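Chemist: To start, I am sharing the structure in question, which I have written as structure tokens.
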Amino acid sequence: MDSLDLTRRNLLKGGVAAGAAMVLPAGSGLMGASPAQAFEIGDGVLSVISDGNLVLPLSFSYPDAPQDELVALLEANGLPTDTLVPDCNIPVLKTGDRVILFDLGAGPNFMPSAGQLGDNMADAGLDPADVTDVIFTHAHPDHLWGLVDDFDELVFANAAYHMGRAEWDYWRDPGTVDAMPEARKSFAVGAQNRMAFLKDSINLFEPGTEVLPGVEAVDTSGHTPGHMSFMLHGGDDPVLIAGDAILHHIVSFEHPNWPSGSDQDPDKGIATRASLLDRLVTDKARLAAYHLPDPGKGRVERNGIVFRFMAEG
């Protein structure tokens, strides 16, 4: 490994535990995860397998939104006003001889409420050895850290790995750790630790390219500098794998102009979100988003400047 590579012990010293404590309230427990839920897209089948959930203080998620309006919106929809508990939904596309995962979840060392992908894959009858491809939306902990297990072994040893070039270059840059806010330095350290396992084999791509047959890369930067979403073509309607470009099933749709605390560039995140919601309506595309309520899939409707997520079970 190169100069960016870090041992698990050094990673923990670098603040992973502190980073998790920042967003994990005391006493939060494991949430139940659903079995795989599938629908057809062309000749393939898209399933959604849960990695569990996160537990995030509202102050972390929307620190710069108008708080009175935010609390009123959550209350009106029967949601807690101090904590968000977003699900973690991992899309699995089976098409031809490929089994493609979009992101890998949090793994064992981020939050105890997440990292359940392995167990839920087993329940769904999916063997990690059968996964042919992994496509990353971005390199935040709950999407990347499931790459390796407690023994620093690749969980999906037979897979080819794909990531947008801008995202790869950003997290691999030695200066990224120093530039990150103190509370999130562990995110960068953890990303560099895990990405080092892929440095000789990663397949890098640009926005607008076809990553794999029928999988179009869509630039949705803002949440991270190189965040990608993916439009799946081949069925009657396209399906957008959104990653974290759309984060909340109420707030992101009714107030897409409210900044998100988890977006590294909140202004860019707002612009990206608006563009993406417009495309979803215009293209009549279905949506599969990482943090919407399990299984996180549905359609988007528009009423003037307000959007609505119409969930599909």
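Chemist: Would you pick out the residues in the stretch 72-96 that are closer than 27 Å to GLY44 by Cα and of a type in the set (Asp, Glu)? Spell out how you get there, then give the answer.
Modeler: Going residue by residue through the stretch 72-96, those that are closer than 27 Å to GLY44 by Cα are 87-96.
Passing the criteria: only ASP87.
Chemist: Further, regarding this structure: Would you please list the contacts, defined by Cβ atoms under 7 Å and residues six or more apart or on different chains, that run from a residue in the stretch 198-218 that is within 17 Å of THR272 (Cβ to Cβ) to a residue that is among the basic types (Lys, Arg) and at pLDDT 95 or above?
Modeler: GLU206/ARG165
Residue by residue, here is whether (1) at pLDDT 95 or above; (2) more than 18 Å from ASP142 (Cα to Cα); (3) surrounded by fewer than 16 Cβ atoms within 10 Å (Cβ to Cβ) holds:
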position	(1), (2), (3)
ASP244	yes, no, no
LEU247	yes, no, no
GLU254	yes, yes, no
ASP263	yes, no, no
GLY269	yes, yes, no
LEU276	yes, yes, no
LEU287	yes, yes, no
VAL300	yes, yes, no
ASN303	no, yes, yes
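Each row is one residue, and each column tells you yes or no for (1) buried (at least 19 other Cβ atoms within 10 Å of the Cβ); (2) out of contact with any Phe, Trp or Tyr (no Cβ under 9 Å at 6 or more places or on another chain).
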residue	(1), (2)
GLU40	no, yes
LEU56	yes, yes
ALA72	no, yes
ALA76	no, yes
LEU84	yes, no
THR95	yes, yes
MET111	yes, yes
ASP127	no, yes
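Chemist: How about the stretch 44-73: which of its residues are over 17 Å from the mean Cα position of the chain (by Cα), among the small types (Gly, Ala, Ser) and assigned to a strand (DSSP E or B)?
Modeler: GLY44
Chemist: Confirm whether LYS284 is on the phi > 0 side of the Ramachandran plot and among the basic types (Lys, Arg).
Modeler: Judged against the criteria, LYS284 is a match.
Chemist: I'd like to check which helices (runs of 4 or more DSSP H) are fully inside the stretch 103-213 and have at least 1 residues that are closer than 18 Å to ASP265 by Cα, out of contact with any Lys or Arg (no Cβ under 7 Å at 6 or more places or on another chain) and of a type outside the set (Phe, Trp, Tyr).
Modeler: Counting at least 1 such residues, we get 141-144, 165-172, 175-179, 185-195.
Chemist: Of all residues in the stretch 221-247, count the ones that are of a type outside the set (Gly, Ala, Ser) and in a strand (DSSP E or B).
Modeler: 7
The values are calculated or read from the model by the stated rules, or taken from the named source; none is laboratory data. All values derive from a computational prediction rather than experimental measurement. Backbone-built Cβ (ideal geometry, glycine too); neighbour counts: all protein chains shown.
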